[in-house]
1. In Å³ and rounded to a whole number, note down the convex hull volume per residue for the Cα atoms of the range 1-155.
2. Could you work out the per residue convex hull volume over the alpha carbons of the range 181-272, in cubic angstrom?
3. Show me, bin by bin at 5 Å from 0, the whole-percent P(r) of the range 134-239 based on Cα pairs.
4. Take the alpha-carbon centre of the range 196-273, take the same for the range 64-112, and report the distance between them in whole Å.
5. Compactness ratio of the range 43-130: Cα Rg over 2.2 N^0.38 Å, N = residue count?
6. Can you give the relative contact order of the range 1-137 as a percent, counting alpha carbon pairs under 8 Å and 6+ residues apart?
7. Normalised by the number of residues in the range 8-261, what is the relative contact order in percent for Cα pairs under 8 Å and 6+ residues apart?
8. Of the listed peptides 195-206, 66-77, what is their order by residue-averaged count of other C-beta atoms within 10 Å, with the highest listed first?
Ligand SMILES: [Zn+2]
């Protein structure tokens, strides 16, 4: 196949957790006196000419405010700031179905959504009979996704493959049964959108287990898979690390910390662990 031009890739921060968070709400082995950086909550968009692929749809405003996070704007509002009309988006990839990744589905009324088969089986199957697993999901999200299925707007991916030229997906599981990561060809090289297979740079470096998971063994293996797929840490994009907002340049002046250009190298070296 003829090589096409690379993708532009942007991380968009819809929600911010001000300040710090307890390590016990980050790592399973977080010590009581240990503090971690608060989270940024991203979704991502890939753009190549007229092609647009949205990756996840962020937290809903109601969920964000309920847990005391800072609301930066809805996906449609933030996409408009880089000239993308959410109503015209036709393809949305969902990395997994936790509430901070599948809110705002209604903002993409003309999209077909793609999710790993394993994630829907988890969402609507025996996994959800366990309170620990169910706690990571939301009833209204599950119902919305099943609604999309019955509207013929939900499609399934199964394992690893190529979604579009220059956009490969891999099923890593672990954090969620159907946790998916994406490898995107950009002008600086292939960038790994790790979503919640790696929330934080430090999580992948230390392999400390995140406190929410579906399969511990797969989650730990997933840290190594993500590091292998990224190659170098400058190509690894964690799903919730505030460093992404700090290190990557804005898509346009005035969008600092809000819409980051992932096709540019990070502005400064990653801090040592
Ligand atoms: Zn998340």
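Read the figures in this text as sums done on the coordinates, not as results from a lab. Being a predicted model, the structure only gives us computed values, none of them experimental. Backbone-built Cβ (ideal geometry, glycine too); neighbour counts: all protein chains shown.
1. Each residue corresponds to 151 Å³ of Cα convex hull volume.
2. Convex hull of Cα atoms, per residue: 91 Å³.
3. Histogram of Cα-Cα distances, whole percents per bin: 2, 12, 20, 21, 18, 14, 9, 3, 0.
4. For the range 196-273 versus the range 64-112, the Cα centre distance is 20 Å.
5. 1.16
6. Across the range 1-137, relative contact order equals 21 percent.
7. 19
8. Per-residue Cβ counts within 10 Å, averaged per peptide and sorted highest first, yield 195-206, 66-77.
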